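Here is the structure we will look at, set down as structure tokens.
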Amino acid sequence: MSRATLDKDPHEVASMFDAVARRYDLTNTVMSLGQDRFWRRATRAALKIGPGDKVLDLAAGTAVSTVELAASGAWCVAADFSVGMLAAGAGRHVPKVAGDATRLPFGDDVFDAVTISFGLRNVADHGAALREMARVTRPGGRLVVCEFSTPTNTLFATVYKEYLMQALPRIARAVSSNPDAYVYLAESIRAWPDQAELARRIGDAGWGQVRWRNLSGGIVALHAATKPK
């Protein structure tokens, strides 16, 4: 399996990420021009976590994001449905669990905070995933979704979409272990809802106080929410 389709069959998507796992972190850093580090720090700050908190990092991949979260002093667990990605992050010493975002292997009200970075758009039923995240989060607990979004400047948005479909696959051929997967990733970003629509969907899944802020001109947006008490 070299890439998945936009139907987002879980087995296709997991196989695709298994195939890119070996050089996934390097590819992300190159293609984001180093912005991935900034986005991880911003996600940690938005979660407002610290010692004593239990945090679920969903779609954690190689756990590079989980290590960033753990720098806060919180206890953080990485979860992903790609065993290959988790294995590629074996050297990162945080707890790791293989699991499906729509059927999380955790009890109710376990976590103080949950986050998912660049993974929600790869879930076939992201409404079900958002509801599962709410289920495992305690009342009053926090959610942060870090995801590619819609640039706020119209001209920049046009240039960005051209970059996604033309430049991104070419760059991936130079640095990725599975360049064809990045065609899917570009398509999935283009098909993803804008900031306001994603906020509506998060609210529909049972989260309250939904808000967002743009990073990097809207290339990425951080959506934050709270589970009602």
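Looking only at segment 78-217, where both bridge partners belong to it, what percent of the DSSP beta bridges are antiparallel (to the nearest 5)?
Numbers: 1 of 10 bridges.
The antiparallel fraction comes to roughly 10 percent.
Based on the Cα atoms of segment 42-109, what semi-axes does the equivalent ellipsoid have, where each is the square root of 5 times one gyration tensor eigenvalue, given in whole Å with the largest first? Show your work: numbers first, answer last.
Numbers: eigenvalues 69, 44, 19 Å².
Square roots of five times the eigenvalues give 19, 15, 10 Å.
So how much slack lies between Ala157 and Asn214, counting 0.36 nm per residue of separation and subtracting their Cα-Cα distance, in nm? Please list the in-between numbers first.
Details: separation 57, 0.36 × 57 = 20.52 nm, distance 1.34 nm.
Computed gain between Ala157 and Asn214 is 19.2 nm.
Taking a cut-off of 15 Å between Cα atoms, list the aspartates and glutamates near Lys229, but don't count ones fewer than 8 places away on the same chain.
Excluding near neighbours in sequence, the set is Asp108, Asp109, Asp112.
What does the helix-only formula give at 222 nm for the chain: each DSSP H stretch with n ≥ 4 adding -39500 (n - 2.57), the total divided by the residues, and the result rounded to the nearest 500 deg cm²/dmol? The partial results should precede the final answer.
Numbers: 10 runs with 94 residues, N = 229.
Helix contribution divided over all residues of the chain: -12000 deg cm²/dmol.
Keeping the other protein chains in place, figure out the carbon and sulfur percent of the accessible area of the chain, with a 1.4 Å probe. Don't skip to the end; give the middle numbers.
Working: 5410 of 9970 Å².
About 54 percent, which is the carbon plus sulfur part of the accessible surface.
For each pair in Lys48/Lys96; Lys8/Lys54; Lys48/Lys161; Lys96/Lys161; Lys8/Lys48, compute the distance between the two Cα atoms and list the pairs where it is over 28 Å. Write down the numbers at each step before the final one.
Details: Lys48/Lys96 22 Å; Lys8/Lys54 30 Å; Lys48/Lys161 32 Å; Lys96/Lys161 34 Å; Lys8/Lys48 32 Å.
Lys8/Lys54; Lys48/Lys161; Lys96/Lys161; Lys8/Lys48, as the Cα separations exceed 28 Å there.
In Å, the Kirkwood hydrodynamic radius of segment 1-88 over pairs of distinct alpha carbons? Walk me through the numbers on the way to the answer.
Working: mean 1/r = 0.0720 Å⁻¹.
Computed over segment 1-88, the radius equals 13.9 Å.
Tell me which residues come under 5 Å, amide H to amide H, from Val97 once H is placed; ignore anything under 5 positions away on its chain.
Ala78, Ala79, Asp80
For Cα pairs less than 8 Å apart in space and 6+ apart in sequence, what is the mean separation divided by the residue count of the chain, i.e. the relative contact order in percent? All intermediate terms of the calculation are to be shown ahead of the outcome.
Details: 447 pairs, mean separation 50.6, N = 229.
Averaging sequence separation for qualifying contacts and normalising by length gives 22 percent for the chain.
What Kirkwood hydrodynamic radius, in Å, does segment 99-229 give when the mean of 1/r is taken over all pairs of distinct Cα atoms and then inverted? Walk me through the numbers on the way to the answer.
Values: mean 1/r = 0.0638 Å⁻¹.
After inverting the pairwise mean of 1/r, the radius is 15.7 Å.
Can you find, among Pro51, Ala14, Asn153, the residue sitting farthest towards the positive end of the charge dipole of the chain, where Lys and Arg contribute +1 and Asp and Glu -1 at Cβ?
Pro51
Just to check I understand the Karplus step: with θ = phi - 60° and J = 6.51 cos²θ - 1.76 cosθ + 1.60, what whole-Hz values come out for segment 48-62, glycine and proline as x?
Values, residue by residue: 6, 9, x, x, x, 7, 9, 10, 9, 9, 8, 6, 6, x, 7 Hz.
How far is helix 195-204 tilted off the main Cα axis of the chain, in degrees rounded to 10, range 0 to 90?
Relative to the chain, helix 195-204 is tipped by roughly 40 degrees.
Cα gyration tensor of segment 110-151, axes a ≥ b ≥ c as square roots of the eigenvalues: rounded (a/c below 1.5), prolate (a/b > b/c) or oblate?
Values: a/c = 2.81, a/b = 1.59, b/c = 1.76.
The shape class here is oblate.
Averaged per residue, what accessible area in Å² does segment 108-171 show with a 1.4 Å probe, protein chains only? Mind showing how you got there, number by number?
Values: 2510 Å² over 64 residues.
Heavy-atom SASA per residue in segment 108-171 reads 39 Å².
What ranking of Trp39, Trp212 comes out by heavy-atom accessible area, probe 1.4 Å, highest first? Intermediate results must be reported in sequence, preceding the final value.
Working: Trp39 15, Trp212 115 Å².
Putting Trp39, Trp212 in descending order of accessible area: Trp212, Trp39.
What number comes out for accessible area per residue over segment 1-50 if the probe is 1.4 Å? Units Å², please. Kindly include the intermediate steps, with their values, before the conclusion.
Values: 2690 Å² over 50 residues.
Solvent-accessible surface per residue comes out at 54 Å².
As a test of the definition: which semi-axes, in Å, follow for the chain when you take the square root of five times each eigenvalue of its alpha carbon gyration tensor? Largest first, please.
Details: eigenvalues 130, 83, 55 Å².
Semi-axes, largest first: 26, 20, 17 Å.
What residues have an amide H closer than 5 Å to that of Thr150, excluding those fewer than 5 places away on the same chain, when H is modeled at 1.01 Å from N in the peptide plane?
Excluding prolines and chain starts, which carry no amide H, the hits are Gln195.
The values are calculated or read from the model by the stated rules, or taken from the named source; none is laboratory data. Predicted model only: the values in this text are computed from it and were never measured. Here Cβ is always computed from backbone atoms with ideal geometry, including for glycine, and neighbour counts include all displayed protein chains. Just the protein is used for accessible areas: all its heavy atoms, side chains included, with ligands, DNA and RNA removed. Shrake-Rupley method; radii C 1.70, N 1.55, O 1.52, S 1.80 Å.
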